[in-house]
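The values are calculated or read from the model by the stated rules, or taken from the named source; none is laboratory data. It should be emphasised that the depicted structure is a prediction, and the values quoted were computed from it without experimental measurement. In this analysis, Cβ positions are derived from the backbone assuming ideal geometry, glycine residues included, and neighbour counts consider all displayed protein chains. For accessibility, only protein heavy atoms count, side chains too; no ligands or nucleic acids. Shrake-Rupley method; radii C 1.70, N 1.55, O 1.52, S 1.80 Å.
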Amino acid sequence: MKFKKVMALVLTGAMVLSIAGCAAKNTGDGGDTATPVEDKKLVVGYAQLGAESEWRTACTNSVKEEAEKRGIELKFSDAQQKQENQIKAIRSFIAQGVDVIGVSPVVESGWETVFKEVKDAGIPLVLVDRKADVSEDLYTSYLGSDFVEEGRKAADELAALIGGKGNIVELQGTVGSSAAVGRQEGFLEKLAEKYPDIKIIKSQTGDFTRAKGKEVMEAFLKSDGENIDALFSHNDDMAIGAIQAIEEYGKKPGEDIKIVSVDAVKGAFEAMIAGKLNVTVECNPLLGPQFFDVCEDIVAGKSVQKLIPSEEGVFRQDTAAQDLPNRKY
Ligand code: AHR
């Protein structure tokens, strides 16, 4: 009898403690309600897609620095551009019971199953930089760039450089990534709408890397070297690789072959100052502060925007020297 009473007291105490410990879970989609645990350190898992470009390094640094500044425990994983690695990382974040998961999906498709697992675990999911082709109830918020608009801007810039007519080659980003899909869509949309005399004579992926950008540009030059008026590169790194290929081929990048790329990283400004790149369309990688604002709001039970767009401009050769000292990445 006495033993039963003691056990009852112990069990009741354990239940109270366990309820208090679980109180901060909130999916941020208006489903569950939260009782924030004030002094609990926020734990965030971030499944970065890789380290393929200067842009990506700036994005990673922004996330890491901001986590440190805010005293957030960050569990960071670099998937080396492989979706299966990102999926593994997300599953490990679920197992570790993080408060929020952030992911920059390397490609758009193939996320349904693992995102459902995140939802079933009651963990809010934030898409950072790139989109995923899933229903909206599987994530809480997306923050990043309007890739289609970047493609439209690039088409206008390139058309102005070649007088609305000529042959261009395109270096695409990672096949199936929202950045490559969107940039190409916006670019083609503008050509169809305003520039019927511009033709894309070659288009291939360079996977967003400098090395592949160079390799693919070499192949373009080999087959069509005397026939290329301009290059549209889905990012600055591939454009920088292509610049080397054009020089080795014996032409002047930025003059004989006009070049427009996307990102606006420092390397692009240096290339513009050297007269080798004509225009870069900005894509902002400094997403750390916005990302952790969203994480903190979700955990505090505040409602967050489904789509948080970045503000971005266009930078041209004539102002590159003035712009460079102000660039943060
Ligand atoms: O998703 C953004 C793109 O990814 C950047 O334009 C590119 O440089 C990076 O690899």
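Take the Cβ atoms of I273 and D133, set R0 to 35 Å, and the FRET efficiency comes out at 0.35.
Using the charge dipole of the chain (Lys, Arg: +1 at Cβ; Asp, Glu: -1 at Cβ; taken about the Cα centre), state which of P285, Q204, Y46 has its Cα farthest towards the positive end. Projecting each Cα onto the dipole axis, the largest value belongs to Y46.
In this structure, the amide hydrogen of L49, modeled 1.01 Å from its nitrogen in the peptide plane, lies closer than 5 angstrom to those of A79, S104, counting only residues at least 5 positions away or on a different chain.
With θ taken as phi - 60° and the Karplus curve 6.51 cos²θ - 1.76 cosθ + 1.60 applied, the whole-hertz 3J(HN,Hα) list for region 217-224 is 5, 4, 5, 4, 5, 4, 8, 9 Hz, x standing for glycine and proline. Summary of the geometry: region 66-84 and region 159-177, compared by the centres of their Cα atoms, lie 33 Å apart. Converting phi to 3J(HN,Hα) with the Karplus coefficients 6.51, -1.76 and 1.60 and the offset θ = phi - 60°, region 294-304 yields 5, 4, 5, 5, 4, 5, 7, x, 7, 7, 10 Hz in sequence order, with x at every glycine or proline. Here the accessible area of the chain is 52 percent carbon and sulfur, with a 1.4 angstrom probe and all protein chains present.
In this structure, the pairs whose alpha-carbon distance is over 25 Å, taken from K131/K214; K88/K302; K194/K222; K214/K252, are K131/K214; K88/K302; K194/K222. Here the Karplus relation 6.51 cos²θ - 1.76 cosθ + 1.60, evaluated at θ = phi - 60°, turns the backbone of region 67-77 into coupling constants of 4, 5, 4, 8, x, 8, 7, 9, 9, 10, 9 Hz, with x for every Gly and Pro. A P(r) calculated from all alpha carbon pairs of region 139-253, with 10 Å bins opening at zero, reads 15, 46, 32, 6, 2, 0 percent.
Can you spot the lysines whose alpha carbon is less than 19 Å from K64's alpha carbon? Ignore those fewer than 8 places along the same chain. Here the lysines satisfying the reach criterion relative to K64 are K41, K75, K328.
For I198, the residues whose modelled amide H falls within less than 5 Å of its own, excluding neighbours fewer than 5 places apart on the same chain, are G166. With the convex hull of the Cα atoms taken as the outline of region 52-99, the averaged projected area works out to 3.6 nm². Fully extending the segment from E65 to E247, taken as 0.36 nm per residue of separation minus the present Cα-Cα distance, adds 61.8 nm.
Taking 4 °C and 1.567 mPa s as conditions, the chain diffuses translationally at an estimated 61 µm²/s according to Stokes-Einstein applied to its Kirkwood radius (Cα pairs). Taking amide H as placed 1.01 Å from N in the peptide plane, the amide H of G144 sits under 5 Å from that of D129, I308, S310, each at least 5 places away or on another chain. Of the candidates T280, T205, T319, which one comes out as most mobile in a Gaussian network treatment of the chain with C-alpha springs shorter than 10 Å? Result for the chain, Cα springs under 10 Å: T319 fluctuates most.
Other residues whose C-beta falls under 9 angstrom from the C-beta of K202 contribute a net charge of -2, scoring Lys and Arg +1 and Asp and Glu -1.
Helix content alone sets the calculated 222 nm mean residue ellipticity of the chain: runs of n ≥ 4 DSSP H residues at -39500 (n - 2.57) each, divided across all residues, give -14000 deg cm²/dmol. Per residue, the chain exposes 46 Å² of solvent-accessible protein surface, assessed with a 1.4 angstrom probe and all protein chains in place. Highest GNM mean-square fluctuation among K251, K64, K194, for the chain modelled with Cα contacts below 10 Å: K194. With a simple spin-label model that places each label point 7 Å from the Cα along the Cα-to-Cβ direction, the separation between S109 and A300 comes to 4.1 nm.
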